[in-house]
Amino acid sequence: MEPVVKSPVMLYTEQTPNPESLKYVTNRMLYKGTADFKDKESAIEWSPLALALFDLPYVKGVYISNNYVTITKEMNYAWEDIMLKTKDFIKKYVEDDGTVINEGYAEAMEKLVAEHHDANYEGDEAELVTKIKELIDTYVKPAVEMDGGNIEFKRYEAGKVYVLMQGSCSGCPSSTVTLKAGIEGMMKRMIPEVTEVIQEMG
């Protein structure tokens, strides 16, 4: 039997609209889905990779989706000092086949989300919520994902749509602009019942 030769792990960085976040893109599928870790405590149970990254003193947030990791750094560090170190760290971790996300994470998150926001919408409101979710999934998510982040529908109340921004989009000055100018404008045009889009902190 010939030994299986794995293709080398390639890694490059992409800027995000948030100056504190950088997207590390690999040629491997890391995790099918989205996983957002805002602190070490949240990573302990679910992500050995995020946990290892939080051991680096400058890592403030870790967001993992598909083939990339978005790192949000502490403000008192400069990217030029830590970018390569972080890149080497992620590359080695992936080369060593380190566990990225533990089994069961997606199910646990789905359960959490279901408990959290599926307030029982009825009649017209239920239809409206379905429309809002479709709009976010079709038009908004792909654009936000390109910037190394994610957006999730949280709830709808009396014309107001509450969303959660994750990854590079969380706490980023331009995400507020994107949210208000882009997403809110589009929602209002396509779903006249919507009066406002509000960002909730995860």
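The values are calculated or read from the model by the stated rules, or taken from the named source; none is laboratory data. Everything numeric here is computed off the predicted structure, so don't read it as measured data. Cβ: placed from backbone, ideal geometry, glycine included. Neighbour counts: every protein chain shown.
Residues of region 78-105 that are surrounded by fewer than 16 Cβ atoms within 10 Å (Cβ to Cβ), free of Cβ contacts under 8 Å to residues at least 40 places away in the same chain and on the phi < 0 side of the Ramachandran plot: ALA78, GLU80, ASP81, LEU84, LYS85, ASP88, LYS92, ASP96, GLU103. For region 25-32, the criterion of being among the aromatic types (Phe, Trp, Tyr), in contact with a helix residue (DSSP H, G or I) (Cβ under 9 Å, 6 or more places away or on another chain) and surrounded by fewer than 22 Cβ atoms within 10 Å (Cβ to Cβ) is satisfied by at least one residue. The residues of region 33-72 that are in contact with a Ser or Thr (Cβ under 8 Å, 6 or more places away or on another chain), of a type in the set (Gly, Ala, Ser) and surrounded by fewer than 21 Cβ atoms within 10 Å (Cβ to Cβ) amount to a single one, GLY33.
Among residues of region 30-45 being part of a loop (DSSP other than H, G, I, E, B) and either in the same structural domain as PHE153 (by TED's automatic domain parsing) or modelled with pLDDT under 95 (or both), the one that is nearest to LYS141 (Cα to Cα) is LYS38. Each residue in region 149-167 was checked for being part of a loop (DSSP other than H, G, I, E, B) and either among the hydrophobic types (A, V, I, L, M, F, W, C) or in contact with a Pro (Cβ under 9 Å, 6 or more places away or on another chain) (or both), and 1 pass.
Taking (1) free of Cβ contacts under 8 Å to residues at least 12 places away in the same chain; (2) β-branched (Val, Ile, Thr); (3) within 30 Å of GLU193 (Cα to Cα) in turn, ILE44 satisfies each apart from (3). Are any of the residues in region 6-16 out of contact with any Pro (no Cβ under 6 Å at 6 or more places or on another chain), closer than 24 Å to MET146 by Cβ, surrounded by 15 or more Cβ atoms within 10 Å (Cβ to Cβ) and of a type in the set (Asp, Glu)? No: region 6-16 contains no residue that is out of contact with any Pro (no Cβ under 6 Å at 6 or more places or on another chain), closer than 24 Å to MET146 by Cβ, surrounded by 15 or more Cβ atoms within 10 Å (Cβ to Cβ) and of a type in the set (Asp, Glu). Taking the stated definitions as given, is VAL100 at pLDDT 95 or above, under 14 Å from the mean Cα position of the chain (by Cα) and within 19 Å of GLY148 (Cβ to Cβ)? When the stated conditions are applied, VAL100 does not pass them.
Residues that are exposed (fewer than 11 other Cβ atoms within 10 Å of the Cβ) and either in the same structural domain as LYS32 (by TED's automatic domain parsing) or part of a helix (DSSP H, G or I) (or both) occur in region 121-128; there is at least one.
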